[in-house]
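S.K.: The structure that follows is given in the form of structure tokens.
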Amino acid sequence: MENRSRAAYLVGPPAIYLLLLFILPLGIMTVFSFRAGTIGAISQQFTLDNYREFIQNAGYHRLLWRSALIALTISSVSVLLAYPLAYFLVFVAGEQRVTFMTLIIVPTWTSYLLRIFAWKLILGSRGLLNSLLLWLGLIDQASPILLYSRTAVVITLIYVWVPFVALPIFAALERIDRNLLEAAADLGCRPWEAFLRVTLPLSLPGVIGGFMFALIPTLGEFVTPLLVGGGQGSMYGNLIQDQFVRALNWPMGSVMSLAMLVLVLLLIFTFLRAGSGAKLLEF
């Protein structure tokens, strides 16, 4: 009984927090998805018209898959950039790892919008990129080469997520027993072979965690595409925001949000299954 009471005290507050701030809003959104009309004129009768409209609208599907592709690209590149960074901190930096990690995290302490606006200035007509290209003589006049495009969205979000992706990879690499690397060397493994057979498989949980850490919020991103993407860089999250804020069509916005949630769950399931096969790399 004492153990049960202790478990209830430990699990209770997080469970209530999850219920009030996740399960309950999700249930309300699900109920809204079966309604019709806009705010102020919501029908009280259940209907499947919103789901039919979503299924029949190919434009919604294209934007959802395009946003998923962008999110996968951003997450993959973030992992590729964050892994060497985390590897350096764990195996090379030594006693300076905390200092370097602090320097990596410090930019995230500033406002998210401020960092996005900074990239907007860098990629703009009078920004750092155009100034450098003018100085090199590669262009004759300043122009927003990358701003208001899908490329600007990808570059900006990669910059945002690399420090966060590096953290779980750093934690996974730090937990690796150094004796395993010494044993691999004693058995004749060269450094790159030890990396492929020992370090990489053991760090895959951190890699997958960092990948999902960037993928899930990026798929629903709407602030960054709005500021640096323009019309060419719009993502699925912008469409959901328009339904809730501009069109005031909360039922359709709820349907679109649930569709994105289903896609995220499918992606999570796929990568978790891939992670369970990580032992295949231990050749």
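S.K.: Confirm whether Thr108 is surrounded by 14 or more Cβ atoms within 10 Å (Cβ to Cβ) and either of a type in the set (Lys, Arg) or in contact (Cβ under 8 Å) with a residue 12 or more places away in the chain (or both).
M.R.: Numbers: surrounded by 14 or more Cβ atoms within 10 Å (Cβ to Cβ): no; either of a type in the set (Lys, Arg) or in contact (Cβ under 8 Å) with a residue 12 or more places away in the chain (or both): yes.
So Thr108 does not fit the description; no.
S.K.: I would also like to ask the following. Checking Ala15 against (1) at pLDDT below 90; (2) surrounded by 12 or more Cβ atoms within 10 Å (Cβ to Cβ); (3) closer than 18 Å to Leu248 by Cβ, which test does it fail?
M.R.: The single condition Ala15 does not satisfy is (3).
S.K.: Let me ask another. Find the helices (runs of 4 or more DSSP H) located wholly in segment 1-104 whose residues include 3 or more that are under 30 Å from Ser234 (Cβ atoms), and list them.
M.R.: Details: elements: 2-18, 24-33, 49-56, 58-91.
Those helices (runs of 4 or more DSSP H) span 24-33, 49-56, 58-91.
S.K.: Assuming Ser276 fulfils every condition listed in (1) among the hydroxyl-bearing types (Ser, Thr, Tyr); (2) loosely packed, with under 13 Cβ neighbours inside 10 Å; (3) at pLDDT 90 or above apart from one, which condition is it?
M.R.: It is condition (3) that Ser276 fails.
S.K.: A follow-up question, please. Among (1) closer than 21 Å to Pro217 by Cβ; (2) without any contact (Cβ under 8 Å) to a residue 60 or more places away in the chain; (3) not basic (Lys, Arg), which single condition is Ile74 missing?
M.R.: Single failed check for Ile74: (2).
S.K.: Count, please, the residues in segment 164-198 that happen to be under 30 Å from Ile122 (Cβ atoms) and crowded, with 19+ Cβ neighbours inside 10 Å.
M.R.: Within segment 164-198, the first condition is being under 30 Å from Ile122 (Cβ atoms), and the residues that meet it are 164-170.
Remaining after also requiring crowded, with 19+ Cβ neighbours inside 10 Å: 165-166, 168-170.
Adding up the residues that qualify gives 5.
S.K.: Return the total of residues in segment 223-257 being surrounded by fewer than 19 Cβ atoms within 10 Å (Cβ to Cβ), in contact with a Phe, Trp or Tyr (Cβ under 9 Å, 6 or more places away or on another chain) and not in a helix (DSSP H, G or I).
M.R.: 3
S.K.: Among the candidates Val160, Val207, which residue alone is over 14 Å from Ala86 (Cα atoms) and either β-branched (Val, Ile, Thr) or touching a Cys at 6+ places or on another chain (Cβ under 7 Å) (or both)?
M.R.: Working: Val207 fails: over 14 Å from Ala86 (Cα atoms).
So the residue among Val160, Val207 that is over 14 Å from Ala86 (Cα atoms) and either β-branched (Val, Ile, Thr) or touching a Cys at 6+ places or on another chain (Cβ under 7 Å) (or both) is Val160.
S.K.: Also, quick follow-up: Report, by residue number, each residue of segment 122-133 that is part of a helix (DSSP H, G or I), of a type outside the set (Ser, Thr, Tyr) and loosely packed, with under 14 Cβ neighbours inside 10 Å.
M.R.: Let us first name the residues in segment 122-133 that are part of a helix (DSSP H, G or I), namely 122-123, 128-133.
Filter once more, keeping what is of a type outside the set (Ser, Thr, Tyr): 122-123, 128-130, 132-133.
Hits for segment 122-133 are Leu128, Leu132.
The values are calculated or read from the model by the stated rules, or taken from the named source; none is laboratory data. Because the structure is predicted, anything quoted here is derived from the model rather than measured. Neighbour counts run over all protein chains shown; Cβ positions are idealised from the backbone, glycine included.
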